[in-house]
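Participant: Can you keep this structure in mind? I'll have questions shortly.
The values are calculated or read from the model by the stated rules, or taken from the named source; none is laboratory data. Note that this is a predicted model, so its numbers are computed, not measured. Positions of Cβ are generated from backbone atoms using ideal geometry, with glycine treated the same way; all protein chains shown enter the neighbour counts. Only protein heavy atoms, including side chains, enter the accessible area calculation; ligands, DNA and RNA are left aside. Shrake-Rupley method; radii C 1.70, N 1.55, O 1.52, S 1.80 Å.
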Amino acid sequence: MSMLGPLQLSGDLAGLVRCYLERQQDTHCDLYRYLLTLAPDTRITFSDWWAWLERVQQRYPQRPVGLELGQLMQPEFVGVLGYLLLACDTLADALQGFERYQRLLHDGDRASAQLQDGLLCLRWSNEYGPSSRLSDEVLVVGMLSFIRRMTGQQQLAPQRVHFTFAAPVTGAVEHEQACGCPVRFSQPATAIYFRPQDLALPVSQQDAGLRQLLEQQAQALLAVLPQSGEFVQRLREALLVALQTGQPASAFVARRLHLSERTLFRRLAEQGLTFRHVLTQIRMQLAQQYLREGRLTHSEIALLLGYSEHSAFCRAFRSACGETPGRWLASRR
């Protein structure tokens, strides 16, 4: 039995299943009505997700449901992770962002990117046992569909794709059409192989959800930093990049500003600021905003703000705000 079953993934994927049923004009079934009741910040188990996919496949036994669901993938179906990836500059940045923030989408096995035989391989570990065939199809084809929309390159195709499940009796034709490349089955791990030249493709798609997320981060910076001076403006921009890429550290910000860390600290001191104080204030501004909105779990907020784990975020929040995130939110309600 797979250890993935009780682990969790984003409930935003319910929107993907709803979208599929709507396209089939199948909105009167029990599954569709149930999916409508899920709150935006819901986390579901892999077992629930697998069961949803099986129920849809049973309704359409002659259709490649997993492949078709993957082809419908949109940023809103992976929540804030989708918007973070759209904030990247290139496909290489987006793949690194996915590697860093994938816990926003799912627990369990992690994807890692590494060079292999002259190609960049995005490979998922299988420490937690197998997922379902339908789920893996949605994952891989959804990833490729997202990348094509993100770069505006609808014909973009990887060099090859690996699946861990056995080849279907109908052969690989449908999978190769969906992926746009040769597909191998019964492999040790699920993987997508990209050509190095594709990694430089710019991210071109804009999205209202992305603008909202970036606006929240910008407003948090405005509330913390003074309003004047070229250095402060450049610092603001560097901190935005640091937050979006999950690297809110003084060394990263100093490099973005083409300064040494010592010079960065001195310039901040001239403004009456310290890096630690600025970063803490920005994190708390954003944490309170995300808590009020109620869309993200505490663990997701912790990851977005660059904390190593949920407990570290709670300790920092209590130290800065005098109470835990849960108590703070309850008192505001």
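Participant: I'm trying to understand the selection: among the residues of region 268-308, which are at pLDDT below 85, charged (D, E, K, R) and assigned to a helix (DSSP H, G or I)?
Facilitator: E293, E300
Participant: Looking only at residues in region 257-267 that are part of a helix (DSSP H, G or I) and surrounded by fewer than 19 Cβ atoms within 10 Å (Cβ to Cβ), which one is nearest to the chain's Cα centre (by Cα)?
Facilitator: Only one residue tops the list, namely E261.
Participant: Okay, moving on. When L85 is evaluated against the numbered criteria (1) open to solvent by 20 Å² or more (accessible area, probe 1.4 Å); (2) touching a helix residue (DSSP H, G or I) at 6+ places or on another chain (Cβ under 9 Å); (3) assigned to a helix (DSSP H, G or I); (4) not charged (D, E, K, R), which criterion, by number, is the only one it fails?
Facilitator: Here L85 meets the rest and fails (1).
Participant: Follow-up. Condition check: at positive phi, of a type outside the set (F, W, Y) and modelled with pLDDT under 95. Does G229 satisfy that?
Facilitator: Spelling it out, G229 is indeed at positive phi, of a type outside the set (F, W, Y) and modelled with pLDDT under 95.
Participant: May I ask you to list the residues in region 99-121 that are in a helix (DSSP H, G or I) and without any contact (Cβ under 8 Å) to a residue 40 or more places away in the chain?
Facilitator: First pass over region 99-121, keeping only residues in a helix (DSSP H, G or I): 99-104.
Selection gives E99, Q102.
Participant: Where residues in region 150-179 are surrounded by fewer than 17 Cβ atoms within 10 Å (Cβ to Cβ) and under 22 Å from the mean Cα position of the chain (by Cα), which of them is nearest to G118 (Cα to Cα)?
Facilitator: Applying the filter and picking the extreme gives Q153.
Participant: Can you go through A254, A223, A200 and tell me which one is open to solvent by 60 Å² or more (accessible area, probe 1.4 Å), modelled with pLDDT of 90 or more and among the aliphatic types (A, V, I, L, M)?
Facilitator: Working: A254 fails: open to solvent by 60 Å² or more (accessible area, probe 1.4 Å); A223 fails: modelled with pLDDT of 90 or more.
Answer to the check: A200.
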